[in-house]
Amino acid sequence: MMQQLRVVESNARVYKRTWRGSAVTAFLNPILFLLAMGLGLGSIIDSNPAVDGLGGVRYVSFIASGLLAATAMQTGGVEGSWPVLAGIKWTKTYHAALATPIRVTDLVTGNLLWLAVRVTLSAAAFAIVSAALGVLEPLDVLAALPAAILTGMAFAAPVTAYTPVAKDETRLSGVFRFVILPMFLFSGTFFPIEQLPGLLQPVAYVTPLWHGVELCRWSALGFDTTLNPLVHFGYLALWTSIGWWFAQRNLRKRLQP
Amino acid sequence: MHNQETAETRPGEEPRDGGDLVTARGLTKHFDDFVAVDGIDFTISRGEAFGFLGPNGAGKTSTMRMIASVSPVTSGDLKVLGMDPAAQGPEIRARLGVVPQDDTLDTELTVNENLFIYGRYFGIGGAVLKQRIDELLDFVQLSERRDSKVEPLSGGMKRRLTIARALINEPDVLILDEPTTGLDPQARHVLWDRLYRLKQRGVTLIITTHYMDEAEQLCDRLVVMDQAKIVAEGSPSALIAKYSTREVVELRFAVGQQEHIGNRLDDLAQRIEELPDRILLYTNRGDDAVGAIHERGMNPESIVVRRSTLEDVFLRLTGRRLID
C-alpha cells in the first residue's frame, strides 16, 4: 500500500501547484448550469401544468441531482485522459516514476486513488454551489456524494485504460465528443430517459451515467430507482474494476514493452 | 582522462567487493518479430565505467532498459546486483539511478519539487531528503535555480537536474542513456566533469553513447554493438590497438581528383578507406606516408596526420552505411 500512497502524494504535490485553474472551473460550471438551465429554463417548465414525471420537485432540483453525477463523470474523464497522456508522452513523468521502485500497478492504483480525491473535490464544489443557491438541501446533496464519486470512478478508470492505447490525441478528444457529451445530454441528467424514443432507451440503460444519475436522485431526492440501488452501485463498481484492470494491462504494454 | 593507458593498466585494482554488478548471458529482446538484442554476453564490475557504443538501432537502449528493470527480458539470463529483474524489479530499481534520453522532468514544477517528488518514490523521508537535495543541487551546480520552474532551464541544466534526480537514492549504479546528446560543447564538458567525479567516488557508470569522444573520456571498458549483437569488447585503447593503426593520414583532394588517386596509395598504408570527401590511410608511421605522397608528386589540398580514435574502430566495425 505504501507505494500507491507515494503516487497519491506526488499527485497531490503537483496539484498543490496547479489547483487554481481547476478550482475556478469546479465552482463556475455548476453556477452557470444551475442558473441557466435550472432557474432560467426551469421557470418555464415548472409553470407548465402539463409537465409530469419530475416527481414533484422543481426542475432545478431535478437537474441538480443529475448534474452532480455528470460533473463527477466529467472530472473522472478529463483527469483520466490528458494528465495520463502527459505522463506517457508529453512530460513522460510516468517513465520517471517507473524507474524507481514504483511498479505499473502502484502507478495505476495510486493514480486512481488520487482521481477519487479529485472527483470528490469537484463533486463537493458542486454540492456547495447547489446548497448555496438553495437548489438542494445540504444534507441531501451530501448523501448523494458517494454515488457521485463512484460515478466519477466508473469513468476515470476506463478512460485511464483507454488512454495508453489511443492512437493519437484526436481519438482521445473523440471520447469526449462522442461518448461523454452524448451521455451528458441523453442519460437522464436533463430529462427522464422515458422521454427518449423507445429504441434509444436500452442504450441509456447501458451507460454508466444513467445508473449514477438514478443513484444521485435516489439519495438526494428520495426518488425510486429503476432497479435495486445495489444493482446500480454494482454496475458502476464493475466499470471501475474492469477499467482498473485494463489500465494496468494497457499501461504496462505501453510503458514497459 | 588524457592518458588513455590508465584505463587498462590500473595496477592490481580489483573490483572493491569482488562482485559483478551486472551479468548477462545470451540476453535477448524481441519486440514481436523484431530482434532488438540478440543473445549478448557481458559483465559489468563494481566501480567501473562501462559503455555501450553503437549506431542508432543497435540495441543499446533496449539493453539498458532491461538492466534498469523496466523492460522484460525475452530470453537469456540477466542478473542485476545479484537479483533477477523479473522477480525483484522494485528491489533492483531502489539501488539504481537512471538518466533517460528524454529528461522526463515535470516542467511545470520547480527544480526542488522535481527532486522532492522523485525522492519520495524511494520512500526517503523529509529531513534526509531536504539535505540530500541541497547537496545534489550543489554538486550539479543548480543551487541558485532551486526554486525556478524547470521549463525555462537550458538543455544542459535540465540534464544536470536529471542527473541530480538519479542520484537522490544514492545509487550503486548510475545508468545514462546518451547523456550529452543535444548539448552544446560547454555543457558536455561540465557534464563529463561531474560524471568523472562520480566515478572517482566509486559510483559504477553504465553509459550508452554514439559519441566516440564521450566513450574515450568516460569509459574504462566498452562493448561495441551493431545490429543487436556485440561486435567488440575492451578498453578504448585496447580496441584502438586491435582494430586500428597507431596513426591515420587524412587526405583531401580537389573535387574530381580523388577518383584517380586511390590505387596509387595502396602500398603506403595497412588499410585504406575511401570516403566521399577524403581518403584515410591507416598506418603506424604517418609521417613516412606523407613523405612518400610528396615524393610521388601528388598534391592533396590538405593533409592531416592524427592518432587513431575510437571513431576509426567504430567505423571499421559497424561500417559506413548511413543509419537513420
Item checked: Peptides ranked, highest mean first, by Cβ atoms within 10 Å: ranges A:56-69, A:93-106 -> A:56-69, A:93-106
Checklist line | Charge dipole (debye, nearest 20) of chain A; +1 at Cβ of Lys and Arg, -1 at Cβ of Asp and Glu | finding: 1420 debye
Notebook entry, point to check: Put +1 on the Cβ of every Lys and Arg and -1 on every Asp and Glu Cβ in the protein assembly as shown; which of B:Asn299, A:Ala124, A:Val159 then has its Cα farthest towards the positive end of the dipole?
Noted result: A:Ala124
Check: Under DSSP H, which helices of chain A have Cα atoms covering 30 Å or more of the helix axis and a Kyte-Doolittle average no less than 1.6?
Finding: none
Notebook entry, point to check: So how strong a dipole does chain B carry about its Cα centre when Lys and Arg Cβ are +1 and Asp and Glu Cβ are -1, to the nearest 20 debye?
Noted result: 520 debye
Check: How large is the helix-only mean residue ellipticity at 222 nm for chain B, computed as the sum of -39500 (n - 2.57) over DSSP H runs with n ≥ 4, divided by its residue count, in deg cm²/dmol to the nearest 500?
Finding: -9500 deg cm²/dmol
Check: What's the tally of Lys pairs in chain B whose alpha-carbon atoms lie under 14 angstrom apart, where the two lysines are 8 or more places apart or on different chains?
Finding: 4
Margin query: With the crude spin-label approximation of a point 7 Å out along Cα→Cβ, what separation in nm comes out for B:Asp277 versus B:Met298?
Written below: 2.0 nm
Check: How far apart, in nm, are two points set 7 Å out from the Cα along the Cα-to-Cβ line at B:Asp33 and at B:Tyr196?
Finding: 4.8 nm
Notebook entry, point to check: By the gyration tensor of its Cα atoms, with a ≥ b ≥ c the square roots of the eigenvalues, what is the shape of the protein assembly as shown: rounded for a/c under 1.5, prolate for a/b over b/c, or oblate?
Noted result: prolate
Note to self: If each residue of separation counts as 0.36 nm, what is the full-extension length gain between A:Leu238 and A:Phe176 once their alpha-carbon separation is subtracted?
What the structure shows: 20.2 nm
Checklist line | FRET efficiency for A:Arg249 and B:Arg307, using Cβ-Cβ distance with R0 set to 60 Å, rounded to 0.05 | finding: 0.65
Note to self: I'd like the FRET efficiency for B:Asp288 and B:Arg25, computed as 1/(1 + (r/R0)^6) with the beta carbon distance as r and R0 of 51 Å, rounded to 0.05.
What the structure shows: 0.65
Notebook entry, point to check: Tell me, A:Val159, A:Val213 in order of fewest to most beta-carbon neighbours within 10 Å?
Noted result: A:Val159, A:Val213
Check: Is the stretch B:50-181 rounded, prolate or oblate when judged by the Cα gyration tensor, a ≥ b ≥ c being the square roots of its eigenvalues, rounded requiring a/c under 1.5 and prolate requiring a/b larger than b/c?
Finding: oblate
Item checked: Computed over the stretch B:245-307, Cα set: Rg, Dmax in Å -> 10.4, 30
Notebook entry, point to check: Tilt of helix B:126-139 relative to the longest C-alpha principal axis of chain B, in degrees (0 to 90, nearest 10)?
Noted result: 20 degrees
Next item on the list: Sort chain A into rounded, prolate or oblate with this rule: let a ≥ b ≥ c be the square roots of the eigenvalues of the Cα gyration tensor; rounded if a/c is under 1.5, and if a/c is not under 1.5, prolate when a/b is larger than b/c, oblate otherwise.
Entry: prolate
Item checked: Shielding by partners - mean other protein chain Cβ count within 10 Å, residues of A:88-99 -> 6
Check: Per residue of B:100-108, how many C-beta atoms from partner chains lie within 10 Å of its own C-beta, taken as a mean?
Finding: 5
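Out of all DSSP beta bridges in the protein assembly as shown, what portion is antiparallel? Express it as a percent rounded to 5.
Antiparallel bridges make up about 65 percent of those DSSP assigns within the protein assembly as shown.
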Notebook entry, point to check: Assigning unit charges at the beta carbon (Lys, Arg +1; Asp, Glu -1) and nothing else, what dipole magnitude in debye, to the nearest 20, does the stretch B:245-307 show about its Cα centre?
Noted result: 180 debye
Checklist line | Most mobile listed residue (B:Thr107, B:Thr61, B:Thr208) in chain B, GNM with C-alpha springs under 10 Å | finding: B:Thr107
Next item on the list: Describe numerically, in nm with one decimal, the distance between label points set 7 Å from Cα along Cα→Cβ at B:Ala86 and at B:Gln227.
Entry: 2.9 nm
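Where does each of B:169-180, A:246-257 land if you order them by average Cβ count within 10 Å, highest first?
B:169-180, A:246-257
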Next item on the list: Please go through the stretch B:144-222 and write out the trypsin sites (Lys or Arg not before Pro) that DSSP classes as loop and that have at most 10 other C-beta atoms within 10 Å.
Entry: B:Arg201
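Readers should treat all values here as calculations from the given coordinates under stated rules, not as data from a laboratory. All of these numbers come straight from a predicted model, not from anything done at the bench. With ideal geometry, Cβ positions are generated from the backbone for all residues, glycine too; neighbour counts draw on all protein chains shown.
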